[in-house]
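K.L.:
Submitted below is the structure of interest, expressed as structure tokens.
Nothing in this text is a laboratory measurement; each read-out follows from the coordinates by a stated rule. This one's a predicted model, so the numbers in the text were calculated from it and none came from an experiment. Note that we place each Cβ from the backbone using ideal geometry, even for glycine, and neighbour counts take in every protein chain shown.
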2 protein chains.
Amino acid sequence: MRFLHTADWHLGKQLHGFNLQAEQQAAYEQIVQLAVQEKVDAVVIAGDLYDRAVPSEAAVQQLNSMLMDLNLKHHLPLLAISGNHDSAPRLRTGSAWFAATDFYLNTKVSQALTPVVLGDTQFFLLPYFEPFEARHYFEDDSIRTVQQAMEKLVTAMQAQFDLDKKQVLIAHFFAAGSTHVDSETQVTVGGLNAIPVDLLAPFDYVALGHLHGKDALHADRVRYSGSPVKFSISEATQTKGVWIVDTDPFEATFKPLTPLRDVRILKGSFDDLTTPAFYQQQTQDDYLSIQLTDRQVIPNVMAVLREIYPNIINLERVNGPVVTDNQITEIDPSLDPMLLMADFFKQTTDETLTKQQQHWAQNALTAATKED
Amino acid sequence: MRFLHTADWHLGKQLHGFNLQAEQQAAYEQIVQLAVQEKVDAVVIAGDLYDRAVPSEAAVQQLNSMLMDLNLKHHLPLLAISGNHDSAPRLRTGSAWFAATDFYLNTKVSQALTPVVLGDTQFFLLPYFEPFEARHYFEDDSIRTVQQAMEKLVTAMQAQFDLDKKQVLIAHFFAAGSTHVDSETQVTVGGLNAIPVDLLAPFDYVALGHLHGKDALHADRVRYSGSPVKFSISEATQTKGVWIVDTDPFEATFKPLTPLRDVRILKGSFDDLTTPAFYQQQTQDDYLSIQLTDRQVIPNVMAVLREIYPNIINLERVNGPVVTDNQITEIDPSLDPMLLMADFFKQTTDETLTKQQQHWAQNALTAATKED
């Protein structure tokens with residue numbers, strides 16, 4: 001059994017107001033191409049297909065098209081679960097019809113205990129769940145944490161193990177370190193809702209979703225695929241991609257994806273960033289978090305930079321602003337707005353407001369106050 | 001071919017704040033029972049499955065369960081279209097997989113021109129559409145109205161007619177009267193977006209959704225099923241149900257459904273309505289629009305009536321209120337709220353506010369104003 005492991009598509013997600021639909025589509029196209037090239041027997045999507053419980057019509061259309069393309073056009077078996085960002089009841093629409101074409105979409109804890117058998121492998125598809133669902137399912141009020149629930153679930157899954165086959169768990173949770181008490185990697189982050197990787201040892205492989213970086217966890221047989229697209233500045237340095245997993249003999253190979261527009265940090269002085277010799281070397285339409293090294297006031301800085309870099313998602317002054325004696329460092333909200341404006345004008349232009357300018361400003365202020 | 005014709009389920013709809021889920025479920029249970037008893041070959045649902053473009057999770061679960069029950073449990077072929085209340089992109093989720101079990105769910109104009117053939121009948125499933133969709137589909141900028149679009153659509157459908165078979169159109173629009181110029185039933189309501197029934201003459205039967213009463217149109221071969229449940233007071237006198245339609249020889253039989261709680265008008269004096277001998281004869285938990293014949297002020301009228309009739313959706317004074325000389329008939333918004341309250345108190349209790357009461361009222365008013 002060879003399968004492709006991906007997760008956290010987050011269709012419908014926006015990045016600082018920018019629609020990522022084209023980026024997500026471009027990543028998807030590479031995923032399906034990889035699935036075909038690598039001749040995988042199935043595609044695993046480990047939760048968070050959508051970014052929101054109520055996705056937009058556009059996101060619904062995009063996911064529907066992708067799933068139809070994978071399963072009905074390319075005839076690839078699909079193994080998918082709902083994540084914490086998905087609405088399980090909404091996502092499961094149609095799923096009762098999907099199994100006929102080897103598309104398994106699990107959204108309930110109870111479904112996890114009936115493995116899907118494809119080739120030499122039993123797949124256990126465990127959707128994201130809250131402790132109360134496991135409490136209800138097992139009729140056991142002592143289950144208060146995801147970790148307690150997982151202990152029971154893994155035991156119940158093991159009872160279903162066919163020892164002639166390999167076992168793969170598909171899940172969407174926070175897995176962490178190890179429970180070895182003498183280890184530095186003891187579970188300390190996430191508390192009782194983190195699943196220790198040792199608990200997952202019975203499986204030949206655990207295909208996880210939830211964390212967006214493939215390096216969030218270091219365990220040979222328990223892996224996050226990460227998201228196919230960078231969804232925040234904090235993911236700027238991550239390499240995005242998918243795992244191609246062979247069960248026998250076991251092998252997991254990471255296949256990177258090429259972003260349509262990258263998300264990255266661009267650091268420099270305003271003069272450097274606006275010099276053609278510099279910016280012509282840049283992929284100007286990447287999603288950029290700009291770190292300006294200047295400290296002085298630069299009039300209209302964002303508008304000027306956006307002329308060159310249209311997709312700026314963030315602007316930071318890494319060295320802080322210049323602080324002068326007469327500068328207002330903390331704005332007193334009781335200050336007269338006209339005084340604030342006059343002060344700002346003086347700072348940026350080094351001129352004082354003329355009578356006519358004061359008049360215009362006062363009129364604009366009056367109009368704006370009325371609109372409130 | 002014998003089929004059941006229903007429409008306008010409007011799952012998720014509320015009636016003056018009351019959740020109709022139980023009523024809709026009860027109607028559905030009767031529909032499926034009829035389908036089985038009458039040994040129909042298919043069930044037709046002519047649009048507005050949901051009440052809203054973004055239905056609640058509960059409504060999604062309810063529709064999904066019903067469709068699974070009909071198609072996967074009872075193995076009934078389903079022929080459904082989206083209505084103006086449905087979001088076509090959301091509703092079509094999964095539909096590419098449905099056809100394998102004879103469940104056809106059309107949400108695009110283009111799909112209407114490929115008939116679904118079941119038994120002796122070609123079904124044309126035309127979802128609700130706006131003129132621009134037909135304009136786009138036919139690449140014909142002259143299409144400005146639904147009527148113009150329908151002329152082209154009917155012609156295109158006729159080109160697909162297999163004369164050895166019967167033809168049934170399933171659609172969701174406003175059909176009206178006849179185009180006979182000498183007729184009294186000329187299209188006068190709905191203007192250019194009403195479809196004249198004459199235009200639909202090529203079909204052996206037209207199964208319509210949109211209007212909620214089966215008697216909205218009087219044409220032998222063009223019928224509204226109406227909604228299975230009453231959705232407003234204006235539907236209080238309608239009989240709800242479904243059509244059982246035979247194509248050869250043609251016959252259409254209306255099968256009424258029994259409401260779980262009826263929607264009806266209850267008229268009488270306050271004394272009558274609150275007399276046990278009267279109300280014990282009533283189905284007290286029906287959804288009631290109460291028409292009170294009294295004219296005098298009745299303190300706490302709604303609270304008292306709701307003790308007896310828990311599901312009041314409306315209260316009307318059919319004879320108008322008593323108007324006395326000292327009564328404020330139009331409230332002057334500049335009036336002091338304390339004066340208004342004192343006046344109201346006097347009218348309803350015939351007493352004046354005590355000093356303590358005035359104090360309480362003033363405190364409550366001050367607190368309420370602060371919250372604003």
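K.L.:
Return the sequence-ordered ³J(HN,Hα) values of the range B:294-304 in whole Hz as given by the Karplus equation 6.51 cos²θ - 1.76 cosθ + 1.60 applied to θ = phi - 60°, using x for Gly and Pro.
P.N.:
5, 10, 6, 5, 10, x, 6, 4, 5, 5, 5
K.L.:
Sticking with this one: Restricting to Cα pairs below 8 Å that are 6+ residues apart, what does the relative contact order work out to for chain A? Please round to a whole percent.
P.N.:
Numbers: 683 pairs, mean separation 52.2, N = 372.
Computed value for chain A: 14 percent relative contact order.
K.L.:
Next up: Would you mind calculating the gained length between residue B:130 and residue B:75 on full extension (0.36 nm times residue separation, minus the Cα-Cα distance), in nm to one decimal?
P.N.:
16.5 nm
K.L.:
Any idea how far apart residue A:364 and residue A:345 come out in nm if each label point goes 7 Å out from Cα toward Cβ?
P.N.:
Inter-label distance under the simple model: 0.9 nm.
K.L.:
So what is Rg over Rh here for the range B:244-328, counting just Cα atoms and using Kirkwood for Rh?
P.N.:
Dividing the radius of gyration by the Kirkwood radius yields 1.25.
K.L.:
I've got another one for you. To the nearest Å, what is the center-to-center distance of the range A:231-276 and the range B:260-311, using C-alpha atoms only?
P.N.:
68 Å
K.L.:
Taking θ = phi - 60°, what integer Hz values does the Karplus form 6.51 cos²θ - 1.76 cosθ + 1.60 yield along the range B:25-34, in sequence order, with x for Gly and Pro?
P.N.:
Along the range B:25-34, the couplings run 5, 5, 5, 4, 4, 5, 5, 5, 5, 4 Hz.
K.L.:
Which value results for Rg/Rh of the range B:54-95 when Rg is the Cα radius of gyration and Rh the Kirkwood radius based on the inverse mean 1/r? Intermediate results must be reported in sequence, preceding the final value.
P.N.:
On the way: Rg = 10.8 Å, Rh = 11.2 Å.
Looking at the range B:54-95, the ratio lands at 0.97.
K.L.:
Could you work out, residue by residue across B:125-132, how many beta carbons of other chains sit within 10 Å of that residue's beta carbon, and then give the average as an integer? Don't skip to the end; give the middle numbers.
P.N.:
Numbers: counts 0, 0, 0, 0, 0, 0, 0, 0.
Mean number of neighbouring Cβ atoms from other chains: 0.
K.L.:
Enumerate the calculated ³J(HN,Hα) couplings along the range A:69-78 in order (Karplus 6.51 cos²θ - 1.76 cosθ + 1.60, θ = phi - 60°), each rounded to whole Hz, writing x wherever the residue is Gly or Pro.
P.N.:
4, 5, 8, 8, 8, 8, 6, 8, x, 10
K.L.:
Hey, another quick one. For residue B:280 paired with residue A:314, estimate the spin-label separation in nm (one decimal), with each label point 7 Å from Cα along the Cα-to-Cβ line.
P.N.:
Label-label distance for residue B:280 and residue A:314, simple model: 7.4 nm.
K.L.:
Inter-copy label distances at residue B:239, 7 Å along the Cα→beta-carbon direction, one decimal in nm, shortest first?
P.N.:
Between copies, matching label points for residue B:239 lie 7.4 nm apart.
K.L.:
While we're here: Compute the projected area of the convex hull of the Cα atoms of the range A:1-135, averaged over all viewing directions, and report it in nm² to one decimal place.
P.N.:
The orientation-averaged projected area of the Cα hull of the range A:1-135 comes to 8.4 nm².
K.L.:
The range B:60-95 to the range B:18-55: how many Å between their Cα centroids?
P.N.:
Taking the Cα centre of the range B:18-55 as reference, the centre of the range B:60-95 is 10 Å away.
K.L.:
Still on this structure, I have one more. Using 21 Å as the Cα-Cα cut-off, could you pick out the over-long pairs in A:39/A:73; B:214/B:255; A:108/A:255; A:230/A:267?
P.N.:
Values: A:39/A:73 15 Å; B:214/B:255 11 Å; A:108/A:255 30 Å; A:230/A:267 19 Å.
Check vs 21 Å cut-off fails for A:108/A:255.
K.L.:
Another question about this same structure. Starting from the Cα-Cα distance between residue B:193 and residue B:291, subtract it from 0.36 nm times their residue separation and give me the gain in nm to one decimal.
P.N.:
Values: separation 98, 0.36 × 98 = 35.28 nm, distance 3.60 nm.
Taking 0.36 nm per residue and subtracting the Cα distance, the gain is 31.7 nm.
K.L.:
Where a Cα-Cα gap under 27 Å defines reach, which lysines qualify for residue A:355, not counting those fewer than 8 residues away within the same chain?
P.N.:
Within the straight-line limit of under 27 Å, residue A:355 reaches these lysines: A:346, A:370.
K.L.:
Can you list, shortest first and in nm, the gaps between the label point of residue A:114 and those of its counterparts in the other copies, using a point 7 Å from Cα in the C-beta direction?
P.N.:
Here the equivalent label points are 3.1 nm apart from this one.
K.L.:
Let me know the whole percent of all Cα-Cα pairs from the range A:59-159 that are separated by more than 17 Å. Before the final figure, lay out each step's value.
P.N.:
Working: 2825 of 5050 pairs.
Here the long-distance tail beyond 17 Å is 56 percent of all Cα pairs in the range A:59-159.
K.L.:
If neighbour count is taken as other Cβ atoms inside 10 Å, put B:45, A:195 in order from fewest to most.
P.N.:
A:195, B:45
K.L.:
Would you please give the FRET efficiency between residue B:159 and residue B:33, computed as 1/(1 + (r/R0)^6) with r the Cβ-Cβ distance and R0 = 41 Å, to the nearest 0.05?
P.N.:
According to the calculation, E is roughly 0.55.
K.L.:
Then there is this: Within chain B, which is the longest segment that contains none of the GluC sites (Glu not before Pro) sitting in a DSSP loop with at most 16 other Cβ atoms within 10 Å?
P.N.:
Working: sites that count: B:38, B:139, B:184, B:330, B:351.
Counting at most 16 other Cβ atoms within 10 Å as exposed, the longest clean stretch of chain B is B:185-329.
K.L.:
If you look at just the Cα atoms of the protein assembly as shown, how large are its Rg and its Dmax in Å?
P.N.:
Values for the protein assembly as shown (Cα only, Rg and Dmax): 33.4, 97 Å.
K.L.:
For chain B, list log₁₀ I(q)/I(0) at each q in 0.07, 0.09, 0.14 Å⁻¹, using the Debye formula over Cα point scatterers of equal strength and ignoring solvent, two decimals each.
P.N.:
-0.44, -0.65, -1.13
K.L.:
Averaged over peptide B:55-62, how many Cβ atoms belonging to another chain are found within 10 Å of each residue's Cβ? If you can, show how the numbers build up before the last one.
P.N.:
Details: counts 2, 3, 6, 1, 1, 6, 5, 1.
Mean partner shielding for this stretch: 3.
K.L.:
Counting partner chain Cβ atoms within 10 Å of every residue's Cβ in B:96-102, what's the average?
P.N.:
5
K.L.:
In B, who owns the beta-carbon nearest the axis carrying B over to A, and how many Å from it?
P.N.:
Residue nearest the B-to-A axis, with distance in whole Å: B:94, 1.
K.L.:
Shortest first, in nm, what separates the label point of residue A:256 from those of the same position in the other copies (7 Å along Cα→Cβ)?
P.N.:
The projected label point of residue A:256 is separated from its counterparts by 7.4 nm.
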